[in-house]
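Here the structure is laid out as structure tokens; the discussion comes afterwards.
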Amino acid sequence: MSSQAVLRQFDPSSVVRGPVQAKSSYVPSPRDERHAEHMVRLDMNESPYGPSPKAQAAIAAFVTTHRYPDFDQWALRDAIAEYTSVTPEQIFCGAGADDVLNLLAQATLDAGDNIVISEPTFGVYRMQATLRGADTIDVPLVDDFQLNVDGILAAVDDRTKYVIICTPNNPTGNDLRREDIDRIVQEAPCLVVIDEAYSEFAGVSYADYPDRFQNVVVFRTMSKFAGMAGMRVGYAIVPKAMAPHMENIVQPCHNVSFVSSEAAIASLNDLEYLRGIVASIVASRDELAANLREIPGVEPYPSSTNFLLVKLPVEDAAPVVQELRNRGILVRNFSSPGLGLQRCLRVTIGLPEENERFLRELADILGAQ
Ligand SMILES: Cc1ncc(COP(=O)(O)O)c(C=O)c1O
């Protein structure tokens, strides 16, 4: 008999679940030149300053690549618990907040269930629900990008598993009103997820809500304020009654690598440094917003984050974003007409010289039109 295996026909779509076969709705930043050194990367809301010195030292000293991290990640959860003033048992980590959001979707969503979101908001929520075969009900943001509370409460039905509130919101950058959030938390008969990935820039947090309200889960990340996007560390804070369910579904070692865990703990021991970084980014943001307003027709929206949503005096921002790319500067544009942001670009706050370069090139491109 020949030792050569016969190539048997097999169609993977015969086993892959229907929702997974559909094209994903999430549009990431195009990847082509992203990692080229010469590009100015203002498209992913990363910190331009890198990790804190203590995190850098922890990464440089790390040699234990041959050992698994602690299965329960207690040291990391202890450090986060101290930072957020909850118990370590309420913390569930993952490879970024995205990973932990996915855990919640897995824990709660069956086909035919739904979630309620308010677009324009972070695109991953819709994508994760769709992959579970769940529906996404959009109750769009209203004036000043605030929540339509009555609309959200009316949209919740007996198949709604959670309402997701992103505050400060990405990509609009603004804080949502606390009284609106409180009303939803108190009146919606489902879970309420508060994604506060940019909380440290806003100086506002809902981390105490899972202790105050049994239906609130809060998501946070080390990617933004701590300059650790590449290390992939995010976490959820859940109410005590929810913790046993999350224990059942959380990945071994919470999906956080040993070195990422050490770096995150070191960052949380370097909060004074990180608070200084946040203050610099906030000051640069406000300076950039003021300078953008000097360009005729350009209107940055109020931001409590490390990025600005900027309305341009054009019908479609896509060609401007492309021209910035041609000139070595990456920013985001949201072309889907449903979001109503075609005239806008989103720019992450970079180093002062990067912000200046962006400003100069944008003024030049708009002046040339
Ligand atoms: C609102 C929001 N939530 C969550 C995330 C995901 O963060 P992480 O890097 O922790 O997965 C992002 C990243 O851009 C975000 O903007």
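The values are calculated or read from the model by the stated rules, or taken from the named source; none is laboratory data. Keep in mind that what you see is a predicted model, and the values were worked out from it rather than measured. Please note: Cβ atoms are built from the backbone with ideal geometry, for glycine as well, and neighbour counts cover all protein chains shown. Ligands, DNA and RNA are excluded from the accessible area calculation, which covers all protein heavy atoms including side chains. Shrake-Rupley method; radii C 1.70, N 1.55, O 1.52, S 1.80 Å.
Summary table below
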read-out: Gyration tensor (alpha-carbon) shape descriptor, segment 161-311, a/c threshold 1.5; value: oblate
read-out: For segment 200-212, 3J(HN,Hα) per residue [Karplus equation, 6.51 cos²θ - 1.76 cosθ + 1.60, θ = phi - 60°, Hz, x = Gly/Pro]; value: 5, 6, 7, x, 10, 9, 10, 4, 7, 5, x, 7, 8
read-out: Rel. contact order, % - alpha carbon contacts under 8 angstrom, at least six apart, the chain; value: 23 percent
read-out: Computed magnitude of the charge dipole of the chain (debye, nearest 20; Cβ of K, R +1, Cβ of D, E -1); value: 820 debye
read-out: Cβ-based charge dipole, the chain, positive-most Cα from ILE277, SER335, ALA155; value: SER335
read-out: Under-5 Å amide H pairs with ILE349, H placed in peptide plane, nonlocal only; value: PHE307, LEU308
read-out: Unit charges at the beta carbon, dipole of the chain: most positive-side option, GLY297, LEU104, LEU312; value: LEU104
read-out: Amide H partners (placed H, <5 Å) of LEU176, local residues excluded; value: ASN169
read-out: Shape of segment 241-369, Cα gyration tensor, a/c cut at 1.5; value: prolate
read-out: DSSP bridge orientation in the chain - percent antiparallel, rounded to nearest 5; value: 50 percent
read-out: Exposure rank, largest accessible area first [TYR49, TYR125, TYR68; 1.4 Å]; value: TYR68, TYR49, TYR125
read-out: CD proxy at 222 nm, helix term only [per DSSP H run n ≥ 4: -39500 (n - 2.57); per residue of the chain; nearest 500]; value: -10500 deg cm²/dmol
read-out: Residue-count net charge about LEU76 - beta-carbon cut-off 9 Å; Lys, Arg +1, Asp, Glu -1; value: -2
read-out: Longest segment of the chain lacking GluC sites (Glu not before Pro) that sit in a DSSP loop with at most 14 other Cβ atoms within 10 Å; value: 38-293
read-out: Normalised convex hull volume, the chain, alpha-carbon set, Å³ per residue; value: 183 Å³
read-out: Segment 356-363 - phi-based ³J(HN,Hα) in whole Hz, Karplus 6.51/-1.76/1.60, Gly and Pro as x; value: 5, 5, 4, 4, 4, 5, 5, 4
read-out: Relative contact order of segment 38-149, defined on C-alpha pairs under 8 angstrom at six or more residues apart (%); value: 16 percent
read-out: Area accessible to solvent at ARG232, 1.4 Å probe radius, in Å²; value: 90 Å²
read-out: Segment 189-264-segment 315-339 distance, computed between alpha-carbon centres (Å); value: 31 Å
read-out: Gyration tensor verdict on segment 202-248 (Cα atoms; rounded if a/c is under 1.5, prolate if a/b is larger than b/c, oblate otherwise); value: oblate
read-out: Under the Karplus curve 6.51 cos²θ - 1.76 cosθ + 1.60, θ = phi - 60°, whole-Hz ³J(HN,Hα) for segment 61-66, x wherever Gly or Pro sits; value: 7, 6, 10, 7, 5, 8
read-out: Rg(Cα)/(2.2 N^0.38 Å) for segment 44-139, N = residue count; value: 1.40
read-out: Sequence of THR65, THR130, THR136 when ordered by accessible area, the most exposed leading, probe 1.4 angstrom; value: THR65, THR130, THR136
read-out: Area accessible to solvent at MET246, 1.4 Å probe radius, in Å²; value: 0 Å²
